[in-house]
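Visitor: Take a look at the following structure, please.
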Amino acid sequence: MKVPLLDLKRQWETIRDEVTKKVAATFEEQAFVLGSRVDEFEAQFADYCDTAGAVGVASGTDALLLALRALGVRDGEEVVTTPFTFFATAGAIVNAGGTPVFVDIDPATFNLDPDLVEDAITERTRAILPVHLFGQTADMDPLLDVAMRRGVAILEDAAQAVGALYHGQCAGRMGDLGAFSFFPSKNLGGAGDGGMIVGEDEDLLDHLRALRGHGTRDRIEYPEVGWNSRLDALQAAVLSVKLAKLDKWSEARRRHAAVYDEAFLPQEGVVPPVVLDGCTPIYNQYVIRAARRDDLKRHLADCGIGTAIYYPRPLHHQPCLPDAACPEADRACDEVLALPVFPELTGDEQQYVIEKIREFFAR
């Protein structure tokens, strides 16, 4: 049996007619950059996240970059973040002119350890950038408390967590701004790159709309240099169809995760993901800790099962980024393995994955 880590073709078969119709209508309109399609999707997305507004941009990376600039990050100012995430998180800080300051992760959740954040804040700290990794929010209450007491902003990297909840609040709406990615492999993925920034402050949102359009609000005066980073109408058309189905897909992922949890809680050599009280994850990835991880990965590949390592090297060991002491992130990079959890995964396929993992540890 072949079991892919992700199979977007199965999802496409369920939405083909709706997406094709909406994309065709967009071609008929011949309005491809911003416009009514994007306005409509921004409103839908803001409503979904329960925020005052949403600003569509060209990618999740740009969502981080523009949000950091709107929050005032400038040359040499520090942003406290996690080293255990995709490179874009730290890359956006550097490209905004800032310096990433890496703080270690909570070994249970893989998210930024809030107990370590305050000691990393200095007079040069402008923001805290938690990442809601693998579809579970970071522990936000203590982070929000530190940010308020120390007078720094919070930007949520919610690229992997659209629809995840923290004590009933949507990922992305708790900090000053929240950044999302619509990369095709995300739970809400487009037909290419795309991103969104959400927030409550209308002045910040207005500033972001200027930043995504070269820094102007009226195409006459340019008070600052911005970027060309606009969500296009074709992506908005695709995403608006998929957003209506997102909760159903997230629930399917949670059902698959529950099956894995039940199978692996007694399984020697496997530690299933830990969910914080009050959190409702959406399982962008289902990531276990595994003994003899690399051997297990090879065994599963030999059995036709797709897996992935998120992430093989932490950011504080990348040559272009600052070094730091983050032993839990180092350990996670040696132990984590993502298993298939996409909504259309069948029961037989999932049992095959479980069987082959048990087979490996029984040897």
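Visitor: Sticking with the crude label model, points 7 Å out along Cα→Cβ, report the distance from Asp75 to Asp348 in nm, one decimal please.
Guide: Going from the Asp75 label point to the Asp348 one covers 6.4 nm.
Visitor: Next question, about the same structure. Using just the helices of the chain, give the 222 nm mean residue ellipticity in deg cm²/dmol: DSSP H runs with n ≥ 4 each add -39,500 (n - 2.57), and the total is spread over all residues, rounded to 500. Write down the numbers at each step before the final one.
Guide: Numbers: 11 runs with 142 residues, N = 363.
Helix contribution divided over all residues of the chain: -12500 deg cm²/dmol.
Visitor: Using alpha-carbon pairs under 8 Å, 6+ residues apart, how would you state the relative contact order of region 67-140 in percent? Before the final figure, lay out the partial values.
Guide: Values: 118 pairs, mean separation 26.7, N = 74.
This gives 36 percent for region 67-140.
Visitor: Then there's this: Could you rank the peptides 20-33, 117-130 by their average count of other C-beta atoms within 10 Å per residue, with the highest value first? Intermediate results must be reported in sequence, preceding the final value.
Guide: Details: 20-33: 13.4, 117-130: 19.6.
Packing order, densest peptide first, comes out as 117-130, 20-33.
Visitor: Okay, next question. Which lysines, if any, have their Cα less than 22 Å from the Cα of Lys356, not counting same-chain residues under 8 positions apart?
Guide: Reachable lysines: Lys2, Lys297.
Visitor: Quick one: Cα centre-to-centre distance for region 1-69 and region 281-306, in angstrom?
Guide: Answer, in whole Å: 29.
Visitor: Taking 0.36 nm per residue of separation and subtracting the Cα-Cα distance, what length does fully extending Asp115 through Ala31 add?
Guide: On the way: separation 84, 0.36 × 84 = 30.24 nm, distance 4.86 nm.
Answer, rounded to one decimal: 25.4 nm.
Visitor: Which whole-angstrom value gives the distance between the alpha carbon centres of region 70-116 and region 192-228?
Guide: Comparing the Cα centres of region 70-116 and region 192-228, I get a distance of 22 Å.
Visitor: Normalise the Debye intensity by I(0) for region 21-77, one equal point scatterer per Cα, no solvent, then take log10 at q = 0.20 Å⁻¹ and round to two decimals.
Guide: Normalising to I(0) and taking log10 leaves -0.87.
Visitor: Something else about it: Using only the alpha carbon atoms of region 9-153, find the Kirkwood hydrodynamic radius as the inverse mean reciprocal pair distance, in angstroms to one decimal.
Guide: 17.5 Å
Visitor: Also, quick follow-up: Pop a pseudo-label 7 angstrom from the Cα along the beta-carbon direction at both Met148 and Arg124 and give the gap in nm to one decimal.
Guide: Roughly 2.9 nm, to one decimal.
Visitor: Related question: Could you give me the percent of Cα pairs per 10 Å distance bin for region 163-298, shortest bin first, beginning at zero and ending with the bin that holds the maximum distance?
Guide: Reading the bins upward from 0: 10, 28, 30, 19, 10, 3, 0.
Visitor: Suppose a student asked you for the relative contact order of the chain, using Cα pairs under 8 Å spaced at least 6 residues apart; what percent would you report?
Guide: Values: 764 pairs, mean separation 83.2, N = 363.
This gives 23 percent for the chain.
Visitor: Using 0.36 nm per residue, how much length does the chain from Ala43 to Asp141 gain when fully extended, once their Cα-Cα distance is taken away? List each step's numbers first, then the result.
Guide: On the way: separation 98, 0.36 × 98 = 35.28 nm, distance 2.70 nm.
Length difference between fully extended and current span is 32.6 nm.
Visitor: Could you tell me what % of all Cα pairs in the chain have separations over 34 Å? Please report the intermediate quantities before stating the final value.
Guide: Details: 17473 of 65703 pairs.
Above the 34 Å cut-off, the chain has 27 percent of its Cα pairs.
Visitor: Tell me, what % of the accessible area of the chain is carbon and sulfur with a 1.4 angstrom probe? Intermediate values should be presented prior to the final figure.
Guide: Working: 7590 of 15280 Å².
Answer for the chain is 50 percent, counting heavy atoms of protein chains only.
Visitor: I've got another one for you. As an exercise, find the ratio Rg/Rh for region 265-363 from alpha-carbon atoms, using the Kirkwood inverse-distance average for Rh. Each step should come with its number before you reach the end.
Guide: On the way: Rg = 15.0 Å, Rh = 15.0 Å.
Value, to two decimals: 1.00.
Visitor: Between Arg298 and Lys245, what FRET efficiency follows from the Cβ-Cβ distance if R0 is 45 Å, with the result rounded to 0.05? Don't skip to the end; give the middle numbers.
Guide: On the way: r = 35 Å, r/R0 = 0.79.
The pair Arg298/Lys245 has a calculated efficiency of 0.80.
Visitor: With θ set to phi - 60°, apply the Karplus curve 6.51 cos²θ - 1.76 cosθ + 1.60 along region 232-243 and write out the HN-Hα couplings as whole Hz, x wherever there is a Gly or Pro.
Guide: 8, 5, 5, 5, 4, 5, 5, 5, 5, 5, 6, 4
Visitor: First measure r as the distance between the Cβ atoms of Arg363 and Cys320, then evaluate 1/(1 + (r/R0)^6) with R0 = 41 Å and state the FRET efficiency to the nearest 0.05. Could the numbers behind the result be given before it?
Guide: Numbers: r = 41 Å, r/R0 = 0.99.
FRET efficiency, Arg363 to Cys320: 0.50.
Visitor: Whole-Hz Karplus ³J(HN,Hα) for region 30-38, in order, using 6.51 cos²θ - 1.76 cosθ + 1.60 and θ = phi - 60°, x for Gly and Pro?
Guide: Once θ is set to phi - 60°, the couplings for region 30-38 become 6, 10, 10, 10, 6, x, 5, 4, 5 Hz.
Visitor: Using the heavy atoms of the protein chains and a 1.4 angstrom probe, tell me the accessible area per residue for region 168-249 in square angstrom.
Guide: On the way: 3420 Å² over 82 residues.
Per residue, region 168-249 has an accessible area of 42 Å².
Visitor: First select every other residue whose beta carbon is under 15 angstrom from the beta carbon of Phe27; then total the charges, Lys and Arg +1, Asp and Glu -1.
Guide: Working: positive: Lys21, Lys22, Arg37; negative: Glu28, Glu29, Asp232.
With Lys, Arg at +1 and Asp, Glu at -1, the neighbours total 0.
Visitor: In Å, what Kirkwood hydrodynamic radius results for region 291-335 from the alpha-carbon pair distances?
Guide: Evaluated on region 291-335, it is 11.9 Å.
Visitor: Evaluate the charge dipole of the chain about its Cα centre and quote only its size in Debye, nearest 20, assuming +1 on the Cβ of each Lys and Arg and -1 on the Cβ of each Asp and Glu. The partial results should precede the final answer.
Guide: Working: 36 positive and 57 negative charges, 240 e Å.
Its charge dipole is roughly 1160 debye.
Visitor: Can I ask one more? Using only alpha carbon pairs under 8 Å that are at least six residues apart, calculate the relative contact order of region 200-322 and give it in whole percent. Write down the numbers at each step before the final one.
Guide: Working: 74 pairs, mean separation 14.6, N = 123.
Across region 200-322, relative contact order equals 12 percent.
Visitor: Just subtract the alpha-carbon distance of Glu202 and Arg217 from 0.36 nm times their residue separation and send over the number in nm, one decimal. Don't jump to the answer; show the numbers that get you there.
Guide: Working: separation 15, 0.36 × 15 = 5.40 nm, distance 1.40 nm.
Once the chain is fully extended between Glu202 and Arg217, it gains 4.0 nm.
The values are calculated or read from the model by the stated rules, or taken from the named source; none is laboratory data. Everything numeric here is computed off the predicted structure, so don't read it as measured data. FYI the Cβ positions are ideal-geometry reconstructions off the backbone, even for glycines, and counts take in every protein chain you see. The area values use the complete protein model at the heavy-atom level, side chains included, leaving out ligands, DNA and RNA. Shrake-Rupley method; radii C 1.70, N 1.55, O 1.52, S 1.80 Å.
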